[in-house]
Amino acid sequence: MEAWKTILVVIAVALVIAGASVTYMKLRSEANTATTTTRMMTTGMGHSQEGQGGMGEFECGGEHTVGQNINWLLDNHGLFNFTYQEFPENLTIRWVITGPAGAINRLAEHIEQMECILEKGGNPRAWDPAFQLDAAVSPYVDTTVRMVGEGRLVVVKVAANECAYQAMRAHAEIVQGFFKTGRVEASKTHELPQDLVELCKNYYSPGR
């Protein structure tokens, strides 16, 4: 083959390779952009639902979904026994809950999911005033969940201020109702006493 023809073939092959490389890099860049956008949309959807009561958009997983745990616990509330203590001098409440090991594991998972939702700006029952307050003061409540052997769960909540402590107490009354009556308690809307609304006015406004 003549030298000039060889040169033309080499140039043509080089152009094809260069074009393919550009196309590949463009496609790869678009794929990366799409992945990033998807992540941002997922995060954005979580924040756009703040305070609206949706729970499914928050990545607070476990062996069971949030809804599966709630429904199972309401239907099986009779499996649990509990003791509840208040320590106002330390702004602390303490639960000791016992039951079959599998049931206690489900309860522990549920509590951790609820804490996760609150930490991410959600509200498990946004239409319920007591849960509105609970969500509003959640940054001022430290919760420790500890398994003690099989079938025994210890939950300790410590408040940073009096409002958060009284909100914890109001929430604890509702939780006791869940343990005792299950779906009967879950069907209620829990209004707040006016003195608690006044105490927490710097953290909470009714309807928010």
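The values are calculated or read from the model by the stated rules, or taken from the named source; none is laboratory data. Keep in mind that this is a model prediction, so the values were computed, not measured. Please note: Cβ atoms are built from the backbone with ideal geometry, for glycine as well, and neighbour counts cover all protein chains shown. All accessible areas refer to the heavy atoms of the entire protein, side chains included, with ligands and DNA or RNA removed. Shrake-Rupley method; radii C 1.70, N 1.55, O 1.52, S 1.80 Å.
Tabulated data for the structure shown
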| item | result |
| --- | --- |
| Extension gain from Ala160 to Gln68, taking 0.36 nm per residue of separation minus the Cα-Cα distance | 29.9 nm |
| Probe 1.4 Å, accessible area per residue of the stretch 59-126, Å² | 48 Å² |
| Top positive-direction residue, dipole computed over the stretch 167-208 with Cβ charges, set Leu192, Thr181, Pro206 | Thr181 |
| Anchor Lys180: aspartates and glutamates whose Cα lies under 15 Å away (excluding residues fewer than 8 positions away in-chain) | Asp75 |
| Exposure of Tyr140 as accessible area (Å², to 10), given a probe of 1.4 Å and all protein chains | 90 Å² |
| Net +/- balance of residues flanking His171 in space, Cβ distance below 10 Å, scoring K and R +1, D and E -1 | 0 |
| Loop-located GluC sites (Glu not before Pro) in the stretch 127-208, at most 16 other Cβ atoms within 10 Å (DSSP) | Glu150, Glu191 |
| Net lengthening on full extension, Thr181/Glu86 (0.36 nm per residue, minus Cα-Cα) | 32.0 nm |
| Heavy atoms of Thr83: accessible area, 1.4 Å probe, square angstrom to 10 | 80 Å² |
| Accessible surface of Asp134 - all protein chains present, 1.4 Å probe, nearest 10 Å² | 30 Å² |
| The stretch 144-200 - percent of accessible surface contributed by carbon and sulfur, probe 1.4 Å | 52 percent |
| Sequence of Trp95, Trp72 when ordered by accessible area, the most exposed leading, probe 1.4 angstrom | Trp72, Trp95 |
